[in-house]
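Next up is a structure, given as structure tokens.
The values are calculated or read from the model by the stated rules, or taken from the named source; none is laboratory data. No experiment lies behind these values; they were computed from the predicted model shown. Virtual Cβ from ideal backbone geometry, glycine too; neighbours counted across all protein chains shown.
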Amino acid sequence: MSAVRHHDVAAPRAPFVALSALWLVLTGTLCNLRCTHCLNASGPDEPWLAPLDGAAARRAIADAERLGVREIYLTGGEPFLHREIVPLLERCLATAATTVLTNGTVMTDALADALATLARASRYSLEVRVSLDAPDAEANDRVRGAGTWQRAVRTIRVLDARGLLPIVTATDIVGAPDTYDRFRALLTGLGIAKPRVKILPVFPVGRAMAASDSRLSDADLEGFDRTTLQCAETRAVAADGVYACPILAGLPEARLSNGDLAAALRPAPLYHAACVTCHRTGATCRNA
Amino acid sequence: MSEHRRIAVLGGVYANAEALAAVLADARRHDAEAVFCLGDLGGFGPHPDRVFPLLRDHHVRVVRGNYDEAVAVGAADCNCGYTDPRDNHYARVSYTYTVAHTSAANRAWLATLPGQRRIRLGAHRVLMCHGSPRRINEFLWESTTPDGLLRRLLTDHETDVLLCTHTGIKWRRVLDGGAAHAVNVGVVGRPENDGTPRVWYALLTAEPDLDVQFVPVAYDHEVTARAIEIEGLPPEFAETLRTGWWTTCLENLPSRERARGRF
């Protein structure tokens, strides 16, 4: 097991408040798509961040339960490519409300039926977030790949038909003021009675890494409540360690422990250009 | 620390004086020794100043909500934490109206409210807060509040019974064979997205085991709905009072709770 690398000692820190959200980077960077802005440069090639094995995921869930976790998120890569996705979801839902972030292109009717069964059996909410980056197929597919809009929209319909109320999650690649309303119009046009939309900013990381020197300093954070940053209440467990947040999972400077969740519950360095985006926009990867 | 055998606890008045008056009368009929309010006196409804005399006349002990905190200091927004621009629009309209129609004296009073209250109910230690004991605007929905989190909050805050509101929908959890309890008392300022205009509060009695009853209260919601319209507040707020279905601020609802509503 590799040692934790030391990060820039000058970087400001976010305090650790509580483990509200546990993220499992379930498939590492393994994905069937290769989106142009992917924040961890996932794709179908050999993943640079390995998938999390089922036993490690179960250990993290059990640890998080003891620590009083509020909600669990499963991400990747594409988490529905994980061979143990359904039993792991069942384990998560025995502990807390759980959200799966999917590109919506590998959903089958049988899998959707299994998700609906899990949701009905749990006392906690199951959320499925389906990524789309534009409300029209052409703009979306330019970013996410040919045919992805059609497949994701089918998944939205399939989930909605089973009462799962998917949340469409879009990265705001255009930055237009009516982005939210256009997605909402798409969903209502599809006959979705309870449209749910979440917009995220583009983070300068992964395939969207910008040549930016912008970094946070303590002076930038003067008068700012650092406990509102998501890394004050979030930890992401990946195959090679525990990280401050899902966006920086896999980056050595963001690693807070080599796998021990409790050991990672300490202040996190705000060293990355993506930390500037979190601070500037107030963004959270959580549902709300 | 005060000691009681039977108390009434209500949340989220949302400037609905008609509902508050009906709930207070109902609590008196149920022989509540004391009435507690877990905050958010304004928002959605008309004439926010009308709820303050009711609270004072009935000696209601109030905990500060996130809305009260914001109104007290004239903060930029209500700190409800919405990102949906439609929810933000309605929240902004409601908050601007509430600040403009809350007197300086009442705003000063809001600033004096405690963030938490502790009492003893029979042998039970009770902690009252608005959102959660760790954050005033944390949403403790039934479907997103796991047992492990509740045990952590109860232990960290040294209590047997946790009472909260903020979400607008009531629920109750009994833990560890009745040794610990968590109760979201719901709100009295608007219905709980169940298709009826009634509102709810909680009646807690030490028997000596803790007994929790959620009490439905019907009130003249048409009076409040008409006042909302006369004040020029969004018609969606009046529609919610009449139909019992939430029309705005749906963003934070988890799927389980959202599925039960109409919108």
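Restricting to the stretch A:203-244, and then to whatever is surrounded by 16 or more Cβ atoms within 10 Å (Cβ to Cβ), over 23 Å from A:ALA60 (Cβ atoms) and not charged (D, E, K, R), can you tell me which residue is nearest to the other protein chains (Cβ to nearest Cβ)?
A:THR228
Still on this structure: Quick check on my filter: what residues within the stretch B:214-263 are within 10 Å of chain A (Cβ to nearest Cβ), over 17 Å from the mean Cα position of the chain (by Cα), farther than 29 Å from B:ALA27 by Cα and surrounded by fewer than 23 Cβ atoms within 10 Å (Cβ to Cβ)?
Answer for the stretch B:214-263, where residues must be within 10 Å of chain A (Cβ to nearest Cβ), over 17 Å from the mean Cα position of the chain (by Cα), farther than 29 Å from B:ALA27 by Cα and surrounded by fewer than 23 Cβ atoms within 10 Å (Cβ to Cβ): B:GLU251, B:ARG256, B:ARG258, B:ALA259, B:ARG262, B:PHE263.
Here's a follow-up. With A:ARG144, A:ARG129 as the choices, which residue is among the basic types (Lys, Arg), away from chain B (no Cβ under 14 Å) and either touching a strand residue (DSSP E or B) at 6+ places or on another chain (Cβ under 6 Å) or under 30 Å from B:GLY81 (Cβ atoms) (or both)? Please lay out each step first, then the result.
Numbers: A:ARG129 fails: away from chain B (no Cβ under 14 Å).
Every option except A:ARG144 fails the conditions.
Also: For the stretch B:201-211, check the following and say yes or no: at least one residue is part of a strand (DSSP E or B) and closer than 13 Å to B:ALA22 by Cα. Let's see the steps before the verdict.
Just the residues of the stretch B:201-211 that are part of a strand (DSSP E or B), to begin with: B:201-206, B:210-211.
Within this subset, residues satisfying the condition of being closer than 13 Å to B:ALA22 by Cα are B:201.
Yes, there is a match, as at least one residue in the stretch B:201-211 is part of a strand (DSSP E or B) and closer than 13 Å to B:ALA22 by Cα.
While we're looking at this one, here's another question. Could you please let me know if A:LEU115 is within 13 Å of chain B (Cβ to nearest Cβ) and part of a helix (DSSP H, G or I)? So that I can check it myself, show each step before the final result.
Values: within 13 Å of chain B (Cβ to nearest Cβ): yes; part of a helix (DSSP H, G or I): yes.
The answer is yes for A:LEU115.
Does B:HIS59 count as farther than 27 Å from B:GLU251 by Cβ and either modelled with pLDDT of 95 or more or buried (at least 24 other Cβ atoms within 10 Å of the Cβ) (or both)?
Numbers: farther than 27 Å from B:GLU251 by Cβ: yes; either modelled with pLDDT of 95 or more or buried (at least 24 other Cβ atoms within 10 Å of the Cβ) (or both): yes.
When the stated conditions are applied, B:HIS59 passes them.
Shifting gears a bit: One residue is enough: does the stretch A:69-77 have a residue meeting the conditions surrounded by fewer than 16 Cβ atoms within 10 Å (Cβ to Cβ) and either within 21 Å of A:LEU164 (Cβ to Cβ) or away from every other protein chain (no Cβ under 14 Å) (or both)? Don't jump to the end; show me each part of the working.
Taking the stretch A:69-77 and keeping what is surrounded by fewer than 16 Cβ atoms within 10 Å (Cβ to Cβ), we get none.
No.
Select from the stretch A:152-211 the residues that are touching a Ser or Thr at 6+ places or on another chain (Cβ under 7 Å) and in a helix (DSSP H, G or I) and write down the one among them that is farthest from A:TRP48 (Cα to Cα).
A:ALA152
If you take the residues of the stretch B:184-206 that are among the hydrophobic types (A, V, I, L, M, F, W, C) and in contact (Cβ under 8 Å) with a residue 60 or more places away in the chain, which of them is surrounded by the most Cβ atoms within 10 Å (Cβ to Cβ)?
Step one: list which residues in the stretch B:184-206 are among the hydrophobic types (A, V, I, L, M, F, W, C), which gives B:185, B:187-188, B:199-200, B:202-204, B:206.
Right, trim to in contact (Cβ under 8 Å) with a residue 60 or more places away in the chain and you get B:185, B:187-188, B:199, B:202-204, B:206.
Numbers: B:VAL185: 27, B:VAL187: 28, B:VAL188: 26, B:VAL199: 31, B:ALA202: 24, B:LEU203: 19, B:LEU204: 26, B:ALA206: 19.
Top of the filtered list is B:VAL199.
Here are A:ALA57, A:ALA62: which of them is surrounded by fewer than 17 Cβ atoms within 10 Å (Cβ to Cβ) and not in a loop (DSSP other than H, G, I, E, B)? Even if it seems obvious, please write down each step before you answer.
Details: A:ALA57 fails: surrounded by fewer than 17 Cβ atoms within 10 Å (Cβ to Cβ).
Result: A:ALA62 is the single residue among A:ALA57, A:ALA62 that is surrounded by fewer than 17 Cβ atoms within 10 Å (Cβ to Cβ) and not in a loop (DSSP other than H, G, I, E, B).
I would also like to ask the following. All but one of (1) buried (at least 20 other Cβ atoms within 10 Å of the Cβ); (2) touching a helix residue (DSSP H, G or I) at 6+ places or on another chain (Cβ under 9 Å); (3) β-branched (Val, Ile, Thr) hold for B:THR165; which doesn't?
Exception for B:THR165: condition (2).
Checking B:THR155 against (1) within 14 Å of B:VAL13 (Cα to Cα); (2) out of contact with any helix residue (DSSP H, G or I) (no Cβ under 9 Å at 6 or more places or on another chain), only one condition comes out false. Which one?
If we test B:THR155 against (1) within 14 Å of B:VAL13 (Cα to Cα); (2) out of contact with any helix residue (DSSP H, G or I) (no Cβ under 9 Å at 6 or more places or on another chain), just (1) comes out false.
Now for a separate question. Please find, within the stretch A:245-288, the residue that is surrounded by the most Cβ atoms within 10 Å (Cβ to Cβ) out of those that are within 14 Å of chain B (Cβ to nearest Cβ) and at pLDDT 95 or above. First the steps, then the outcome.
If we filter the stretch A:245-288 for residues that are within 14 Å of chain B (Cβ to nearest Cβ), which is where we start, we get A:261-262, A:265, A:278, A:281-288.
Filter once more, so that each one left must be at pLDDT 95 or above: A:261-262, A:265.
Details: A:LEU261: 22, A:ALA262: 14, A:LEU265: 17.
So, considering only residues that are within 14 Å of chain B (Cβ to nearest Cβ) and at pLDDT 95 or above, the one surrounded by the most Cβ atoms within 10 Å (Cβ to Cβ) is A:LEU261.
Could you grab me the full set of residues in the stretch A:173-196 that are under 20 Å from B:ASN252 (Cβ atoms) and of a type outside the set (Ser, Thr, Tyr)?
A:ASP181, A:PHE183, A:ARG184, A:LEU187, A:ILE192, A:ALA193, A:LYS194, A:PRO195, A:ARG196
Those residues that are crowded, with 22+ Cβ neighbours inside 10 Å and among the β-branched types (Val, Ile, Thr), I need them from the stretch B:143-158; list them, please.
B:THR144, B:THR145
Which of the residues belonging to the stretch A:85-112 are within 16 Å of the chain's Cα centre (by Cα), part of a helix (DSSP H, G or I) and within 11 Å of another protein chain (Cβ to nearest Cβ)? Talk me through it step by step, then tell me what you get.
Within the stretch A:85-112, the first condition is being within 16 Å of the chain's Cα centre (by Cα), and the residues that meet it are A:85, A:89, A:92, A:97-104.
Those still in the list that are part of a helix (DSSP H, G or I) too: A:85, A:89, A:92.
If the condition is that a residue be within 16 Å of the chain's Cα centre (by Cα), part of a helix (DSSP H, G or I) and within 11 Å of another protein chain (Cβ to nearest Cβ), then A:CYS92 is the only one that fits.
Pairs, please: C-beta under 8 Å, at least 6 apart or cross-chain, first residue within 9 Å of chain A (Cβ to nearest Cβ) and small (Gly, Ala, Ser) and in the stretch B:130-157, second in a loop (DSSP other than H, G, I, E, B) and surrounded by 20 or more Cβ atoms within 10 Å (Cβ to Cβ)?
Close Cβ pairs (under 8 Å, with a partner that is in a loop (DSSP other than H, G, I, E, B) and surrounded by 20 or more Cβ atoms within 10 Å (Cβ to Cβ)) amount to B:SER143/A:TYR124; B:SER143/A:SER125; B:SER143/B:PRO254; B:GLY148/A:GLY68; B:GLY148/A:VAL69; B:GLY148/A:THR95; B:GLY148/A:ALA96.
Yes/no per residue for (1) farther than 22 Å from B:PRO216 by Cβ; (2) of a type in the set (A, V, I, L, M); (3) under 16 Å from the mean Cα position of the chain (by Cα):
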{"residue": "B:LEU41", "(1), (2), (3)": "no, yes, yes"}
{"residue": "B:VAL51", "(1), (2), (3)": "no, yes, yes"}
{"residue": "B:CYS80", "(1), (2), (3)": "yes, no, yes"}
{"residue": "B:ASP84", "(1), (2), (3)": "yes, no, no"}
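Go through the residues of the stretch B:26-44 one by one and say whether even a single one is over 22 Å from B:ARG117 (Cβ atoms), surrounded by fewer than 23 Cβ atoms within 10 Å (Cβ to Cβ) and in contact (Cβ under 8 Å) with a residue 12 or more places away in the chain. Even if it seems obvious, please write down each step before you answer.
Here is the first cut: in the stretch B:26-44, the ones over 22 Å from B:ARG117 (Cβ atoms) are B:29, B:44.
Then keep just the ones that are surrounded by fewer than 23 Cβ atoms within 10 Å (Cβ to Cβ); that gives B:29.
Going one step further and asking which of them are in contact (Cβ under 8 Å) with a residue 12 or more places away in the chain, we end up with none.
No, the stretch B:26-44 has no match at all.
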